[in-house]
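What follows is a single structure, written as structure tokens, with notes after it.
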Amino acid sequence: MFAMLYVFWIMVLAFLGIVFYVVGSAVIGYFRHPYVDKNDPIDINSYDYIMIVGTAGSGKTTLTKTLVAEYPKFHHIELDNLRFEKQTWNILSHSNFGQNLKKELSNGESWICDGNFVNFHTKREMWQKVECIVWLDYGFWIVFLFAVYRTWHRISHKVPHCNGNIDTWSRVFFGDSYTSILRFIWQTHGQFKTKKIERWKVDEYTNPNVRWIRLQSPYHCQLWWQKCIASQKKNKTKK
């Protein structure tokens, strides 16, 4: 009896330890890097082509929508909307994706694009033009917990995304790394810097004069955004 109680309390303490570790890591990750580098560009209107990149679940689309709402000259391009067939979750062929991308770019407007999808079409049509890349480089647990909440919200309220598709619990828990966002984050978060960012920086299609902004936490992003707004108001006052 004593041995069973001993094992039970060991398991309880281990569980609490994991919970405190995860929550503590997320809280620390939220407030990481609590200042804005003076060299980070904050005059968004001075650019015509901007990309928002980061691991899955880092809030790329949310930030892009915020920027587009504040700076109406920009057109929002969401790569995930161009990759999937509507309401089927089937991934489009590269040629069909390329056609969708060209349609989005055909109006000649300035744009802010969010997404990490890389193929010949994104390189040729976007990478050569992009002038500023905002990299949301958040810690694993803050991204993962946010993705858990976002997934729960989308399934519970049947929120469409990725060109009108709807998530289900079966996709989340039993899907592969391409259909389960949580599994995808678990498998790819740690590799994002080496497999994506470093390759982007040296790729022959990348604009050699592109400006990089690395935001290392949601709080860091919030501070940067506040400075962007302050800079915009200051410029309007001067005019």
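The values are calculated or read from the model by the stated rules, or taken from the named source; none is laboratory data. Worth saying up front: this structure is predicted, and the values here are computed from it rather than measured. In this analysis, Cβ positions are derived from the backbone assuming ideal geometry, glycine residues included, and neighbour counts consider all displayed protein chains.
In table form, for the structure just shown:
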| quantity | calculated |
| --- | --- |
| Count - residues of segment 170-182 that are surrounded by 12 or more Cβ atoms within 10 Å (Cβ to Cβ) and either touching a strand residue (DSSP E or B) at 6+ places or on another chain (Cβ under 8 Å) or not aliphatic (A, V, I, L, M) (or both) | 5 |
| Identity of the residue in segment 65-107, small (Gly, Ala, Ser) and either in contact with a His (Cβ under 7 Å, 6 or more places away or on another chain) or modelled with pLDDT of 90 or more (or both), that ends up farthest from LYS233 (Cα to Cα) | GLY98 |
| Only listed residue being of a type in the set (S, T, N, Q) and in contact with a Ser or Thr (Cβ under 7 Å, 6 or more places away or on another chain), chosen from GLN187, GLN216, GLN226 | GLN187 |
| Matching residues, segment 170-222, being over 25 Å from VAL148 (Cα atoms) and in a helix (DSSP H, G or I) | GLU198, ARG199, TRP200, LYS201, VAL202 |
| Test: residue in segment 43-51 that is acidic (Asp, Glu), closer than 19 Å to ILE229 by Cα and surrounded by fewer than 18 Cβ atoms within 10 Å (Cβ to Cβ) | yes |
| Any hit, segment 82-104, residues being in contact (Cβ under 8 Å) with a residue 12 or more places away in the chain, part of a loop (DSSP other than H, G, I, E, B) and within 26 Å of LEU215 (Cα to Cα) | no |
| Residue match in segment 88-111 (condition: among the small types (Gly, Ala, Ser) and within 14 Å of the chain's Cα centre (by Cα)) | no |
| Every residue from segment 153-168 that is loosely packed, with under 11 Cβ neighbours inside 10 Å and part of a helix (DSSP H, G or I) | SER156, HIS157 |
| Only one of SER110, SER58 that is under 21 Å from PHE192 (Cβ atoms), in contact with a strand residue (DSSP E or B) (Cβ under 8 Å, 6 or more places away or on another chain) and of a type in the set (S, T, N, Q) | SER58 |
| Pairs with Cβ under 6 Å, 6+ apart, first in segment 124-139 and touching a residue at least 60 places away in the same chain (Cβ under 8 Å), second crowded, with 16+ Cβ neighbours inside 10 Å and part of a helix (DSSP H, G or I) | GLY139/GLY29 |
| Matching residues in segment 119-136 - criterion: being farther than 15 Å from TYR49 by Cα and either of a type in the set (Gly, Ala, Ser) or surrounded by fewer than 16 Cβ atoms within 10 Å (Cβ to Cβ) (or both) | ASN119, PHE120 |
| Boolean, GLY57 is surrounded by 21 or more Cβ atoms within 10 Å (Cβ to Cβ), at pLDDT below 90 and part of a loop (DSSP other than H, G, I, E, B) | yes |
| Residue among GLY108, GLY115, GLY139 that alone is small (Gly, Ala, Ser), out of contact with any Asp or Glu (no Cβ under 7 Å at 6 or more places or on another chain) and surrounded by 14 or more Cβ atoms within 10 Å (Cβ to Cβ) | GLY139 |
| Residue match in segment 183-203 (condition: at pLDDT below 90 and within 22 Å of GLN99 (Cα to Cα)) | no |
| Criterion (under 15 Å from ALA56 (Cβ atoms), within 16 Å of the chain's Cα centre (by Cα) and not aromatic (Phe, Trp, Tyr)) met by exactly one of CYS221, CYS162 | CYS162 |
